[in-house]
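What follows is a single structure, written as structure tokens, with notes after it.
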Amino acid sequence: MKLTFSPASPFARKVRIAAIELGLIDKIEFVPTTVAPGQPNEPYSHDINPLKKLPVLLLDNGDIILDSYVIVEYLDELAGGGKLIPASGPARWKVKSDHSLLQGMLDSMLLCRYENIVRPQPLRWQAWSDDHWHRAWLGMAHFEAQPDVLSRTFDIAQIGLVCVLDYADFRFPDCGWRKAYPKLDAFHQKMLERPSVNISLPPPA
């Protein structure tokens, strides 16, 4: 299998952490790929993902699996199922819903970065950027108040939360989430003890 990725992508990092945890990391070839906003990558868009997003898992039979969650779900099933995503019942829907919120938080944080860094200064819309950051910030508040998410057996939602917090450190180092959310800070420090989390940290900004 091959995975298109960037070391800076929190979505690709999610898959890397999952692959390590599932014992599948050695079965995946990681293919560095650039998909910057405003810069065309026609071969990638045409042959792999029309949305020009990372990551994508390319299977040996030629099939393509899109979206970080779907890739993790595929890997989880490949590893026997029910390891990072509960196989059935209320726990499955709880974990999937928690992950969907975290995915949306990452989307909003990415949009903030694009608005504030990539878009030309005269065209920036501060209220729009502030709104998206507020969504991510309220998401952190939501998980600060969810002790079960912070303490249960390691799963895809916890992986997503780690990626959110480290992306905040990576791209918004002065946002102050650690002071505002001490339970998330304690959770994050504990997660850094896991090799899969520690070795997949984003590169220095």
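The values are calculated or read from the model by the stated rules, or taken from the named source; none is laboratory data. Given the structure is predicted, the values throughout are model-derived calculations rather than measurements. Using ideal geometry, Cβ is built from the backbone for each residue, glycine included, and neighbour counts are taken over all protein chains shown.
Test of understanding: among Ser88, Ser108, Ser129, which residue is over 23 Å from Arg13 (Cα atoms) and in contact with a Gly (Cβ under 9 Å, 6 or more places away or on another chain)? Quick ask: steps written out before the conclusion?
On the way: Ser108 fails: over 23 Å from Arg13 (Cα atoms); Ser129 fails: in contact with a Gly (Cβ under 9 Å, 6 or more places away or on another chain).
Being over 23 Å from Arg13 (Cα atoms) and in contact with a Gly (Cβ under 9 Å, 6 or more places away or on another chain) holds for just one of Ser88, Ser108, Ser129, which is Ser88.
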### Task
Would you mention how many residues in segment 151-185 are in a loop (DSSP other than H, G, I, E, B) and either within 28 Å of Leu24 (Cα to Cα) or within 15 Å of the chain's Cα centre (by Cα) (or both)?
4
### Query
Taking segment 34-79 on its own, how many of its residues are modelled with pLDDT under 90, within 26 Å of Ile156 (Cβ to Cβ) and of a type in the set (Val, Ile, Thr)?
1
### Summary
Pro203 meets each of (1) surrounded by 16 or more Cβ atoms within 10 Å (Cβ to Cβ); (2) modelled with pLDDT under 95; (3) not hydrophobic (A, V, I, L, M, F, W, C) with one exception, condition (1)
### Query
Would you call Ala157 surrounded by 19 or more Cβ atoms within 10 Å (Cβ to Cβ), closer than 30 Å to Val35 by Cα and small (Gly, Ala, Ser)?
yes
#### Entry: Pairs with Cβ under 9 Å, 6+ apart, first in segment 186-201 and outside the structural domain of Ala12 (by TED's automatic domain parsing) and in a helix (DSSP H, G or I), second surrounded by 12 or more Cβ atoms within 10 Å (Cβ to Cβ) and polar (S, T, N, Q)
Phe187/Gln158; Met191/Gln158
